[in-house]
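Asker: Structure below; questions to follow.
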Amino acid sequence: MAHRPADPVRPAPAHDDLAGSYLQTGCGGNCGVVTSGSAPAATGCVPLTDGALAVATDDQGHYGTSTSSGIFATDPTLKADFGYKSEHQLAVVAKDIIKRFYGQAATHSYYDGCSQGGHEALTEAQRYPTDFDGIVAGAPANNWTAHTFQYAWNAHAVFAVADGTATLTTTDLKPLHAVVLAGCGATDDGIVEDPLACAWDPGSIACASGQTSTAADFCLTAAQVTTVRKMYSGPRDEHGELLYPGWQLRGSELNWAGAIVPTTATGSTSNQTNVNERVRYLLYARPTPNSPGRTSSSPRQTTGN
């Protein structure tokens, strides 16, 4: 896989004079694609096409079949680009292009990224603090090893049936969410004001012996109770220590669709796909493309609370 420098992308200027500043935006997932036209962590707040900003973004130095693909990391150079180099290199090149094109440097330079883009933002702040005057690091996917095992925890908890299928599907989320709102004393407009203070237990709606869950009488199987408890507990080791400071709060159930819970029992989720790609290509010094996937999990896990 040949190395290719990150490609800056600049929307056509509204006029020939640079009116203001330079904005660099990040990408998401494992990148590999170029997207422009939005500032992920400040959507609606930053004008990108009225000439106020010169904008650049990149694919972190590699082409990908999707933003989940991790095969690029079989090339150590591309792995380093993804890890920390690409955004600094793009900033240097983009600023030079701006100065040459407009005949003047941008008045200020800003970075805006979310998820992996947030990771890129933190990397810029830590490694290259003079690249930007201001940085927005939205939902940063930092501490990749621990973050990966959070994904693994979720995937292992959901795809827990012996044949690898899912215990929950998206059709379960709406009735589950409704029960959680009631159990957590949500406001009339459906807000759980302090999710951390809510101790509602999914075992309280466990299906009775012989009971089948219906829309009118929703209940959880024993396997589903275990899955939901794990979601609320977050990834923990055998001593109950939280392995990553982020988990699913009570009241977040609708947001599990697609990322954590599949549409069908035999479907997949972005958490599952991401952890498989990361374990195979990104976490270790040598790629392990034949590593088993589907329900990869942390070697230190408990059933949660």
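Asker: Mind listing the long-range amide H neighbours of residue 206? Cut-off is under 5 Å, sequence gap 5 or more, other chains count too, H placed in the peptide plane at 1.01 Å from N.
Answerer: Amide H neighbours of residue 206, under 5 Å, 5+ apart: 220.
Asker: What is the set of long-range amide H partners of residue 39 at a cut-off below 5 Å, with H atoms built 1.01 Å from backbone N?
Answerer: 44
Asker: Provide the net charge surrounding residue 182, with neighbours chosen by a C-beta distance below 15 Å and charges set as Lys +1, Arg +1, Asp -1, Glu -1.
Answerer: -4
Asker: Tell me which lysines have Cα within less than 29 Å of residue 95's Cα, excluding those fewer than 8 residues away on the same chain?
Answerer: 79, 85
Asker: Still on this structure, please answer the following. Send over a whole-number figure in Å² for the accessible area per residue of the chain, probe 1.4 Å.
Answerer: With the other protein chains kept in place, the chain gives 48 Å² per residue.
Asker: If you don't mind, there's one more thing I want to ask. Counting only residues 5 or more places away or on other chains, whose amide H sits under 5 Å from the amide H of residue 135 once H atoms are built in the peptide plane?
Answerer: 111
Asker: Just the Kirkwood number for region 170-302, please: inverse of mean 1/r across all distinct Cα pairs, in Å, one decimal.
Answerer: 16.6
Asker: Angle check, please: helix 144-158 long axis (alpha carbons) against the longest principal axis of the chain (alpha carbons), in degrees 0 to 90, nearest 10.
Answerer: Once rounded, one gets 30 degrees.
Asker: Using the 4.7 Å Cβ rule, please list in number order the cysteines from the chain without any candidate partner.
Answerer: Lone cysteines by the Cβ rule: 45, 114.
The values are calculated or read from the model by the stated rules, or taken from the named source; none is laboratory data. On a predicted model such as this, the values are computed, not experimentally measured, just so you know. Virtual Cβ from ideal backbone geometry, glycine too; neighbours counted across all protein chains shown. Heavy atoms of the whole protein, side chains included, go into the accessibility calculation; ligands, DNA and RNA do not. Shrake-Rupley method; radii C 1.70, N 1.55, O 1.52, S 1.80 Å.
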